[in-house]
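*Asks:* One structure, as structure tokens, below. Some questions next.
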Amino acid sequence: MGQTIIEKILSNKSRKNVGAGDIVVASVDYVMGQDGTSPLAINAYRAMEGKKLFDPARVALVIDHSSPSPLEAVSNLHTLMRSFARETGCKLYDVGEGVCHQLMLETGRIGPGSLVVGADSHTCTYGALNAFSTGVGSTDLAGALISGKMWFKVPETIKFACNGKLPPGVYSKDLILFLIGQVTADGATYLSAEYTGEAIREMSIEARFTVANMAIEMGAKAGLMEADEKTFDWVKRFGGSGFEAVAADADAVYAKILEYDVSALEPQLAKPHQVDNVAPLSELAGTPIQQAVIGTCTNGRMEDLRIAAGILKGRKVSPEVRFIIAPASRDIYVQAMREGLLETLVLAGGAVVTPGCGPCVGTHNGVPSDGETVLSTANRNFKGRMGNRNAEIYLGSPATVAASAIKGKITDPREFV
Amino acid sequence: MEFKGRAHKFGDDINTDYIISGKYKFKTLDMNELAKHVMEDLDQDFYNKITPGDFLVAGRNFGCGSSREQAPLAVKHARLSAVLAKSFARIFYRNAINTGLPVVECDTDQIEPGDELVVDLAAGVIHNLTRAVAIEVKPLPSVMLQILNDGGLAAHFRKYGEFKLDQEEDNAL
């Protein structure tokens, strides 16, 4: 019987032939924690009487969620992480280096066939590199830190065949929002998602990261794609080598196969307060906004900043709108500086904040006031997500956010591109 | 294990941001402090409504969203004895088992707010005393029972120093 991508990766990593439903203890290639989850993982590591890491070269802790620290209590937790990194010899990414998932993508250590666990639910992002990567909690993470292993149930797979090319002005963010709206917030729970078809093949690798990043918003354990030249080019760019593509067999068995023709897709938005509360932009055009955010592990990459700067070049954001930009990593920050993108965005009225997660998770850098409406490129719009339960959050593509920032209301970016 | 208490009922897709908001969870490792903010964005006074031993009852996909282990810990430290839901998101489910919060999959349509319940995990049944009905509980996957029986994943690691689990076909997550 043929195998899906995840069945193959988990077979390789557990050194036996497994299929959906089997329980495996598999070797992990890389383990990551961030500042919201690592302190508890360090506690759990102590409770497990951990003596050393399975391999310090394959462990990273990232200070990104409240970075730089807005409060003394947070500072103390950051220091706890720094001490642990010194004690164990693992890599610590400190303030300003970027969002954990972007940094993991830039290690060159994660590529086709890798197995990665991270104590952050958006760890599924690396599925776009043909890796099985998934979010775990702090105690599971501690187990992986010590043993270099993790237990899994091999999941069944739901396949999304995205046929046709996305039209101009419609991006990978619109596609994944559309798919989440179709299957809902638990439509892929316990399942591995495979995203395939012409629309995925045509996408840049950065655009694919956006799709895989949001697999968790449909409940999926992984959001996988096949590897191609773009995948290997990305990994090579960061010095990675020795990876082998993992493809699904032609006779692989799927829990479900969903086919979509995306060639006439409109820009999509997630409405308050759930990611699966999706509507075409045309139904929401004209809704006033007071804050616009471009950044996060979903859409804070070069391509996103280029798209936004392309729309904002020579224009100003509405005086009614605060416009916040958070590049996803220091590398991206520097590259965007060199290309003049930051100059364009700042002259348009933008405020660039430290590479990190702050505005998305409500820790700092842009908490909205009561009754305000925010349009963001992030991946979650839960009530209170940005730090205020009395604010409303819409999610859209960087193009939609840029166009809407100019007009001060939800605006179709195709007016500008 | 048998628990007795009243039901506090919420809907579908209760995400971990609602269980414990990001604005609190980054600040502290004091779970008793975090517990005071449990479910706050949905019901600001929720913590004060809890009598120790009560149950959090919800619909589908409880615990979706972030991987924060502070979510099951905040529920536990709010002295809620278990979460009953039609289904759970997978990371929350694993975190709950690892940290020793009982999570019970069952038909929660048969429970209304304020109902008095007895949850008998060993027998796999919930007695809704208010409505005089017995509700069947979906059994825990065997791999998770092993972790629970060891006293959680930390205790499992103290015992074995690694994941020592029966690897076979299962209905686990």
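*Asks:* Kindly state, as a whole number, the per residue volume in cubic angstrom of the convex hull around the alpha carbon atoms of segment B:1-105.
*Replies:* Roughly 86 Å³ of hull volume per residue.
*Asks:* If one puts a single equal scatterer on every Cα of segment A:1-87 and applies the Debye formula without solvent, what log₁₀ I(q)/I(0) results at q = 0.12, 0.25, 0.26 Å⁻¹?
*Replies:* With one equal scatterer per Cα and no solvent, log10 I(q)/I(0) is -0.53, -1.17, -1.23.
*Asks:* Could you state, as a whole-number percent, how many of the C-alpha pairs of segment A:215-373 are farther apart than 18 Å?
*Replies:* Summing the P(r) tail past 18 Å for segment A:215-373 gives 72 percent.
*Asks:* Using a 10 angstrom cutoff on alpha carbons, build the Gaussian network for chain A and name the most mobile of A:ASN213, A:ASN379, A:ASN43.
*Replies:* It is A:ASN43.
*Asks:* How large is the dipole of chain A about the Cα centre if only Lys and Arg carry +1 and Asp and Glu carry -1, each at its Cβ, rounded to the nearest 20 debye?
*Replies:* Here the size comes out at about 740 debye.
*Asks:* Quick one: if you stick a label point 7 Å off each Cα along the C-beta vector at A:LYS236 and A:LEU71, how many nm between them?
*Replies:* 4.7
*Asks:* Right, something else. Going 7 Å from the Cα of A:ARG315 in the Cα-to-Cβ direction, what parts of segment A:378-399 have a backbone nitrogen less than 15 Å from that spot?
*Replies:* Residues A:397-399 fall inside that zone.
*Asks:* While we're here: Need the full-extension length gain, A:GLN182 to A:ALA47, defined as separation in residues times 0.36 nm minus the C-alpha distance. One decimal, nm.
*Replies:* 44.3 nm is the gain from fully extending A:GLN182 to A:ALA47.
*Asks:* Moving on to the next point. Provide, for q = 0.17 Å⁻¹, the log10 of I(q)/I(0) from a solvent-free Debye sum over equal Cα point scatterers in segment A:21-260.
*Replies:* One equal scatterer on each Cα of segment A:21-260 leads to -1.25.
*Asks:* Starting from the 7 Å offset along Cα-to-Cβ, what nm value, one decimal, do you get for the label separation of A:ALA245 and A:ALA285?
*Replies:* Each label point is offset 7 Å from its Cα along the Cβ direction, giving 4.0 nm.
*Asks:* What does the net charge come to around A:GLY96 if you take all other residues with beta carbon closer than 11 Å to its beta carbon, with K and R at +1 and D and E at -1? If you can, show how the numbers build up before the last one.
*Replies:* Details: positive: A:ARG330; negative: A:ASP64, A:ASP94, A:GLU97.
Cβ neighbours under 11 Å give a net charge of -2.
*Asks:* How large is the direction-averaged shadow of the alpha-carbon convex hull of the protein assembly as shown, in nm²?
*Replies:* 24.1
*Asks:* What FRET efficiency comes out for the pair B:ALA134/A:ILE257, r = Cβ-Cβ distance, R0 = 56 Å, nearest 0.05?
*Replies:* 0.90
*Asks:* Could you please rank A:LEU179, B:LEU29, placing first whichever residue has the fewest other Cβ atoms within 10 Å of its Cβ? It would help to have the intermediate numbers written out before the result.
*Replies:* Details: A:LEU179 26, B:LEU29 17.
Lowest to highest Cβ neighbour count: B:LEU29, A:LEU179.
*Asks:* Just going by the charge dipole of chain A, with Lys and Arg at +1 and Asp and Glu at -1 on Cβ, which of A:PRO39, A:LEU284, A:PRO272 is farthest out on the positive end?
*Replies:* It is A:PRO39, whose Cα lies furthest towards the positive end.
*Asks:* So if we plug the beta-carbon distance of A:GLU87 and B:ASN32 into 1/(1 + (r/R0)^6) with R0 = 22 Å, what FRET efficiency do we get, rounded to 0.05?
*Replies:* 0.20
*Asks:* Continuing with the same structure: Mind listing the long-range amide H neighbours of B:PHE88? Cut-off is under 5 Å, sequence gap 5 or more, other chains count too, H placed in the peptide plane at 1.01 Å from N.
*Replies:* B:ASN61, B:PHE62
*Asks:* Give me the net charge for the shell around A:ALA252: Cβ to Cβ below 13 angstrom, other residues only, Lys and Arg +1, Asp and Glu -1.
*Replies:* On the way: positive: A:LYS8, A:LYS159, A:LYS256; negative: A:GLU7, A:GLU156, A:GLU194, A:GLU226, A:ASP249, A:ASP251.
Taking every Cβ under 13 Å from that of A:ALA252, the sum is -3.
*Asks:* What spacing in nm lies between the two simple spin-label points modelled at A:LEU80 and A:ASN390, each 7 Å away from Cα in the Cβ direction?
*Replies:* The two pseudo-label positions are separated by 3.2 nm.
*Asks:* Under the rule of -39500 (n - 2.57) per DSSP H run of 4 or more residues, summed and divided by the residues of the protein assembly as shown, what mean residue ellipticity at 222 nm is obtained, to the nearest 500 deg cm²/dmol?
*Replies:* -8500 deg cm²/dmol
*Asks:* With a 10 Å cut-off between alpha carbons and a GNM built on chain A, which of A:LEU53, A:LEU395, A:LEU224 moves the most?
*Replies:* Answer for the Gaussian network model of chain A: A:LEU53.
*Asks:* Give me the distance between the Cα centres of segment B:64-125 and segment A:1-20, rounded to whole Å.
*Replies:* 31
*Asks:* List the extent of the Cα atoms of segment B:90-173 along each of their three principal axes, largest first, rounded to whole Å.
*Replies:* 46, 24, 23
*Asks:* Check each of the chymotrypsin sites (Phe, Trp or Tyr not before Pro) in segment B:84-124 and keep only those in coil by DSSP with at most 15 other C-beta atoms within 10 angstrom; list them in order.
*Replies:* When the chymotrypsin sites (Phe, Trp or Tyr not before Pro) of segment B:84-124 are filtered for loop state and at most 15 Cβ neighbours within 10 Å, nothing remains.
*Asks:* What GluC sites (Glu not before Pro) in segment B:65-173 are in a loop by DSSP, with at most 12 other Cβ atoms within 10 Å of the Cβ?
*Replies:* The qualifying sites are B:GLU168.
*Asks:* Within segment A:315-331, name every residue whose backbone N is under 20 Å away from a label modeled 7 Å from Cα of A:SER204 along the Cβ vector.
*Replies:* A:325-331
*Asks:* Hey, got the Cα dimensions of segment A:32-80 along the principal axes, in Å, largest first?
*Replies:* 32, 22, 13
*Asks:* Can you work out the Karplus-derived ³J(HN,Hα) for every residue in segment B:104-114? Use 6.51 cos²θ - 1.76 cosθ + 1.60 with θ = phi - 60°, whole Hz, and x for glycine or proline.
*Replies:* 10, 8, 6, 7, 7, 5, 8, 10, 10, x, x
*Asks:* Give me the base-10 log of I(q)/I(0) for segment B:1-41 at each q in 0.30 Å⁻¹, Debye formula, one uniform scatterer per Cα, rounded to two decimals.
*Replies:* -1.02
*Asks:* Another question, then. Determine, from the Cβ-Cβ distance of A:LYS165 and A:ASN17 and an R0 of 30 Å, the FRET efficiency 1/(1 + (r/R0)^6), rounded to the nearest 0.05.
*Replies:* For A:LYS165 and A:ASN17, the calculated efficiency is 0.20.
*Asks:* Taking the Cα atoms of segment A:133-264, what is the range of coordinates along each of the three principal axes, in descending order and whole Å?
*Replies:* Each principal axis gives a Cα extent; for segment A:133-264 these are 49, 36, 31 Å.
Values quoted throughout were computed directly from the atomic coordinates according to the rules given, and no laboratory measurement underlies them. As the structure is a computational prediction, the values presented were derived from the model and not from experiment. Positions of Cβ are generated from backbone atoms using ideal geometry, with glycine treated the same way; all protein chains shown enter the neighbour counts.
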